[in-house]
Amino acid sequence: MRALRYRGLKWRAIGNLVFGRRDAAFAIFGQMLREFPGDPYALASRAQLQAQAGERDAALRTMEQLLALQGDNGGHWFNYGFLLEEAGEYARAEAAFRRATELSPQLDRAWYGLGLVLIRLQRLDEAVAALKRNTQLQPMSPYGWYQLARVHVDRHEPEEARRIIRHLQRFEPKIAAQLVRETGLSVEPAG
């Protein structure tokens, strides 16, 4: 009966989310946590709704509760790092993203987040390493390539940036053109 009750609450919450009734879903997640204290799904969902509502401090507290229960989940550490980065807490965000990459080395988003935080911390050599790992894991996503090119420009490595722009011209010509405009680098079209 307990498992059936849990599934019923979960599906009610999901249904409310599908129809845009976030407040109702939030209330159901609260009910789930009263009936099933420390439930990871309810905590993660609650933190997501809090973040979407702009309640960053509450979302961080909820994520901290979740991490106390499931500190071995790289995805939770990524979400926590994302919230910390949004809050401008870059050193703590770096630690969270690093933990995410340790626990889930294939989590490309965590490498990207780590790269962005390292850029903000002006640790460009480390940012290059993180962004390279992101592009290895997600080679067709332009985001890591874009940031990597920008870092190479900041490090006064225009040839590396040009190489990335030529690479992007093959599958993301708009992003490549944006980089050319932003950096002022002249780049021959990819052959």
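To make sure I understand, if each residue's beta carbon is the centre and we count other beta carbons within 10 Å, what order do Lys132, Lys174, Lys10 fall in, fewest to most? The partial results should precede the final answer.
On the way: Lys132 14, Lys174 10, Lys10 18.
Listed from fewest to most nearby Cβ atoms, that is Lys174, Lys132, Lys10.
Once Rh is set to the Kirkwood radius over Cα pairs, what Stokes-Einstein translational diffusion coefficient, in µm²/s, holds for segment 17-80 at a temperature of 37 °C and a viscosity of 0.692 mPa s?
Stokes-Einstein gives a translational diffusion coefficient of 279 µm²/s.
Taking the Cα centre of segment 65-191 as origin, work out the dipole magnitude from +1 charges on Lys and Arg Cβ and -1 charges on Asp and Glu Cβ, in debye rounded to 20.
Numbers: 16 positive and 16 negative charges, 52 e Å.
Roughly 240 debye for segment 65-191.
Taking the Cβ of Ala25 as the center, what net charge do the other residues with Cβ under 12 Å away carry, scoring Lys and Arg +1 and Asp and Glu -1? Each step should come with its number before you reach the end.
Numbers: positive: Lys10, Arg12, Arg21, Arg22, Arg46; negative: Asp23.
Residues near Ala25 contribute +4 overall.
What do you get for Rg/Rh over segment 140-191 if you use C-alpha atoms and the Kirkwood form of Rh?
Radius of gyration relative to Kirkwood radius: 0.91.
Normalise the Debye intensity by I(0) for segment 72-123, one equal point scatterer per Cα, no solvent, then take log10 at q = 0.32 Å⁻¹ and round to two decimals.
-1.21
Within the set of other residues whose C-beta is less than 12 Å from the C-beta of Leu9, count the net charge using Lys and Arg as +1 and Asp and Glu as -1. Intermediate results must be reported in sequence, preceding the final value.
Values: positive: Arg2, Arg5, Arg7, Lys10, Arg12, Arg34; negative: Glu35, Asp39.
Neighbour charge sum, excluding Leu9 itself: +4.
Give me the distance between the Cα centres of segment 153-191 and segment 66-93, rounded to whole Å.
32 Å
Per the Cauchy relation, a quarter of the hull surface: what is the mean projected area of the convex hull of the alpha carbons in segment 83-191, in nm²?
Working: hull surface 26.5 nm².
So the Cα hull casts an average projection of 6.6 nm².
Using only the Cα atoms of the chain, each taken as one equal point scatterer with no solvent, compute I(q) by the Debye sum, divide by I(0), and report log10 of the ratio at q = 0.14 Å⁻¹.
-0.84
What is the fewest-to-most order of Met140, Met1 by other Cβ atoms lying within 10 Å of their Cβ?
Met1, Met140
As a check on your grasp of the helix formula, calculate [θ] at 222 nm for the chain: sum -39500 (n - 2.57) over DSSP H runs of n ≥ 4, divide by the residue count, round to the nearest 500.
Mean residue ellipticity at 222 nm (helix-derived): -25000 deg cm²/dmol.
Quick note: the coordinates plus some simple rules give every number you see, no bench work behind them. This is a predicted model, so every value here is computed, not measured. A quick note on method: Cβ atoms are made from the backbone with ideal geometry, for glycine too, and the neighbour counts reach across all protein chains shown.
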